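Below is one structure, written out as structure tokens; the observations come after it.
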Amino acid sequence: MPHALLETEEYVEQAYFFRVFRQRLEDSVPSQVILADLKEEILATTKLPMALEFLVGEMVLNGRMGEGMARLDHYFTEFQTYIISAAEDDYSRFDQRTALEILQYEAEYRIKDPTPAGMFVYHFECLSRNKLGYDAGMKAMAGDPIYDKHWSEWIMRTRLQLGTTDFADLICMRSQYSVDEYRRKNRNPDYQPAEPVLFGHKAGRIAYANRGRDPLYMFAALQRHLGYPAVPRPQPKTSQESLVGELKAKLLNMEKRLTLLERESKNQLDISEFYVKPDTPAESPWKDAAEKERGNQES
């Protein structure tokens, strides 16, 4: 059973923890050092410092933070643990900085007035954009405390319907928009659906308009119109060292071209130096031995 939702101040400190952790990783600070330092910076009235103290020991013992978060399932959600574990997988191309940014945005959304619908769309888009796997990923989603029993059951059922049913239809069928349309078409204002409504009228209408299209377009529309949290995307970064190296190579190439132009203007250009010289065939060691033997016989 999923644990209860935490206090707001816990999510405030979690958002700070994931953000600063990512920033210090970019400065090449070791993870153990970051966890030990942040343990002193986090608000002492929250439970996060105790969780970080436990994670420091797990990092020293196993070298992985995800295993420690899995042991603290009363504090960290299954989805948080799944994201960190996916980034720490040896065969995964999922970057740890992106994982920390995903969890930062999630914690910031929980600080405000989160809805299960908004959190579900955010979680699902994180799995979709980063190719983290729907089977295990949606199992982790279903264990989040923001989802009640009806939400968890629907998520587990939806996990089995992906690939056979359009994702926009899955959302539309459990929305208030679908109920309103049925009442209008059948002139039955007293109609009540057999299952609870999970998405609002606007969310269902946006899903209906995006049937048969890429779900990423639907996610973007939900973010624009309903304020759902946006999923961070990995940005290609060019370090200063690589930029300086590229500039040096370009300047060297320009210098060579200018040298050739000057020599051509003075009629001093000799293109024979650019000819490809044929490789001389290697002498056979058996030939050398035969010539040596012949010389010995003659002498």
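List every residue pair whose Cβ atoms lie under 8 Å apart, where the two residues are 6 or more positions apart in sequence or sit on different chains, the first residue falls within the stretch 178-200 and is free of Cβ contacts under 8 Å to residues at least 12 places away in the same chain, and the second residue, located anywhere, is of a type in the set (Phe, Trp, Tyr) and open to solvent by 60 Å² or more (accessible area, probe 1.4 Å).
Pairs that qualify, where the first residue is free of Cβ contacts under 8 Å to residues at least 12 places away in the same chain and the partner is of a type in the set (Phe, Trp, Tyr) and open to solvent by 60 Å² or more (accessible area, probe 1.4 Å), are TYR182/TYR191; ARG183/TYR191; ASN188/TYR182.
List the residue pairs whose Cβ atoms are under 7 Å apart, where the first residue sits in the stretch 150-170 and is touching a residue at least 40 places away in the same chain (Cβ under 8 Å), the second is surrounded by fewer than 17 Cβ atoms within 10 Å (Cβ to Cβ) and not in a helix (DSSP H, G or I), and the two are 6 or more positions apart or on different chains.
Here the result reads HIS150/PRO196; ASP166/ARG211; ASP166/GLY212; ALA168/ARG211; ASP169/ARG211, each pair linking the stretch 150-170 to a residue that is surrounded by fewer than 17 Cβ atoms within 10 Å (Cβ to Cβ) and not in a helix (DSSP H, G or I).
What's the number of the only condition in (1) within 22 Å of LEU25 (Cβ to Cβ); (2) within 19 Å of the chain's Cα centre (by Cα) that TYR122 fails to meet?
All conditions are met except number (1).
Would you check if there is a residue in the stretch 22-40 being of a type in the set (Gly, Ala, Ser), in contact (Cβ under 8 Å) with a residue 24 or more places away in the chain, assigned to a helix (DSSP H, G or I) and out of contact with any Lys or Arg (no Cβ under 7 Å at 6 or more places or on another chain)? Give the steps one after another, and end with the answer.
Step one: of the stretch 22-40, the residues of a type in the set (Gly, Ala, Ser) are 28, 31, 36.
Then drop every residue that is not in contact (Cβ under 8 Å) with a residue 24 or more places away in the chain, which leaves 31.
The next check asks that each one be assigned to a helix (DSSP H, G or I); those that pass are 31.
Narrowing further to those that are out of contact with any Lys or Arg (no Cβ under 7 Å at 6 or more places or on another chain): 31.
Yes, the stretch 22-40 contains a residue that is of a type in the set (Gly, Ala, Ser), in contact (Cβ under 8 Å) with a residue 24 or more places away in the chain, assigned to a helix (DSSP H, G or I) and out of contact with any Lys or Arg (no Cβ under 7 Å at 6 or more places or on another chain).
Across the stretch 59-84, which residue is nearest to PRO145 (Cα to Cα) among those that are among the hydrophobic types (A, V, I, L, M, F, W, C) and open to solvent by 30 Å² or more (accessible area, probe 1.4 Å)? Can you show your working first?
Initial filter on the stretch 59-84 (among the hydrophobic types (A, V, I, L, M, F, W, C)): 59-61, 65, 69-70, 72, 76, 79, 83-84.
Now drop any that are not open to solvent by 30 Å² or more (accessible area, probe 1.4 Å), which leaves 60-61, 70.
Working: VAL60: 30, LEU61: 29, ALA70: 15 Å.
Among them, the one singled out is ALA70.
In the stretch 123-167, what count of residues is obtained for those that are surrounded by fewer than 16 Cβ atoms within 10 Å (Cβ to Cβ) and of a type in the set (Ser, Thr, Tyr)? Steps first, answer last, please.
In the first step, residues of the stretch 123-167 are kept if they are surrounded by fewer than 16 Cβ atoms within 10 Å (Cβ to Cβ); the result is 131, 133, 135-136, 145, 148-150, 153, 156-157, 160-165.
Now restrict to residues that are of a type in the set (Ser, Thr, Tyr): 164-165.
The qualifying residues number 2.
Can you list residue pairs whose Cβ atoms sit under 6 Å apart, with the first residue in the stretch 206-223 being touching a residue at least 40 places away in the same chain (Cβ under 8 Å) and the second being outside any helix (DSSP H, G or I) and aromatic (Phe, Trp, Tyr)? Count only pairs 6 or more apart in sequence or on different chains.
From residues that are touching a residue at least 40 places away in the same chain (Cβ under 8 Å), the pairs are LEU222/TYR228.
Hey, does the stretch 99-111 have a residue that's of a type in the set (S, T, N, Q) and open to solvent by 50 Å² or more (accessible area, probe 1.4 Å)?
At the first step, the residues of the stretch 99-111 found to be of a type in the set (S, T, N, Q) are 104.
Filter once more, so that each one left must be open to solvent by 50 Å² or more (accessible area, probe 1.4 Å): none.
Checking the stretch 99-111: not a single residue is of a type in the set (S, T, N, Q) and open to solvent by 50 Å² or more (accessible area, probe 1.4 Å).
Only residues that are part of a helix (DSSP H, G or I), surrounded by 13 or more Cβ atoms within 10 Å (Cβ to Cβ) and out of contact with any Lys or Arg (no Cβ under 8 Å at 6 or more places or on another chain): list them for the stretch 218-235, please. First the steps, then the outcome.
We begin by selecting, within the stretch 218-235, every residue part of a helix (DSSP H, G or I); these are 218-226.
From what is left, the residues that are surrounded by 13 or more Cβ atoms within 10 Å (Cβ to Cβ) are 218-223, 226.
Listed by number, the residues that qualify are MET218, PHE219, ALA220, ALA221, LEU222, GLN223.
Please determine, by comparing only the residues of the stretch 1-58 that are under 24 Å from the mean Cα position of the chain (by Cα) and among the charged types (D, E, K, R), which one is surrounded by the fewest Cβ atoms within 10 Å (Cβ to Cβ).
ASP27
Out of GLU181, GLU195, which single residue is under 23 Å from PRO114 (Cβ atoms), acidic (Asp, Glu) and surrounded by fewer than 17 Cβ atoms within 10 Å (Cβ to Cβ)? Quick ask: steps written out before the conclusion?
On the way: GLU181 fails: under 23 Å from PRO114 (Cβ atoms).
GLU195 is the lone residue from the list that is under 23 Å from PRO114 (Cβ atoms), acidic (Asp, Glu) and surrounded by fewer than 17 Cβ atoms within 10 Å (Cβ to Cβ).
Inspect the stretch 101-122 for any residue being without any contact (Cβ under 8 Å) to a residue 60 or more places away in the chain, outside any helix (DSSP H, G or I) and hydroxyl-bearing (Ser, Thr, Tyr) and give the result as yes or no.
yes
Residues that are over 30 Å from GLU125 (Cα atoms), at pLDDT 80 or above and surrounded by 10 or more Cβ atoms within 10 Å (Cβ to Cβ): does the stretch 267-286 have at least one?
Start the filter on the stretch 267-286 by keeping residues that are over 30 Å from GLU125 (Cα atoms), which leaves 267-286.
Filter once more, keeping what is at pLDDT 80 or above: 267.
Keeping just the survivors that are surrounded by 10 or more Cβ atoms within 10 Å (Cβ to Cβ) gives none.
No, because not a single residue in the stretch 267-286 is over 30 Å from GLU125 (Cα atoms), at pLDDT 80 or above and surrounded by 10 or more Cβ atoms within 10 Å (Cβ to Cβ).
Identify the residue in the stretch 59-79 that is part of a loop (DSSP other than H, G, I, E, B) and in contact with a helix residue (DSSP H, G or I) (Cβ under 9 Å, 6 or more places away or on another chain) and, among all such residues, is nearest to ALA142 (Cα to Cα).
Step one: filter the stretch 59-79 for residues part of a loop (DSSP other than H, G, I, E, B), giving 63-64, 72-77.
In the following step, the residues that additionally are in contact with a helix residue (DSSP H, G or I) (Cβ under 9 Å, 6 or more places away or on another chain) were identified as 63-64, 72-73, 75-77.
On the way: GLY63: 28, ARG64: 24, LEU72: 17, ASP73: 14, TYR75: 16, PHE76: 14, THR77: 10 Å.
My answer is THR77.
The values are calculated or read from the model by the stated rules, or taken from the named source; none is laboratory data. Predicted, not measured: the structure shown is a model, and the values here were computed from it. Heads up, the Cβs are rebuilt from the backbone with ideal geometry, glycines too, and the neighbour counts pull from every protein chain shown. Ligands, DNA and RNA are excluded from the accessible area calculation, which covers all protein heavy atoms including side chains. Shrake-Rupley method; radii C 1.70, N 1.55, O 1.52, S 1.80 Å.
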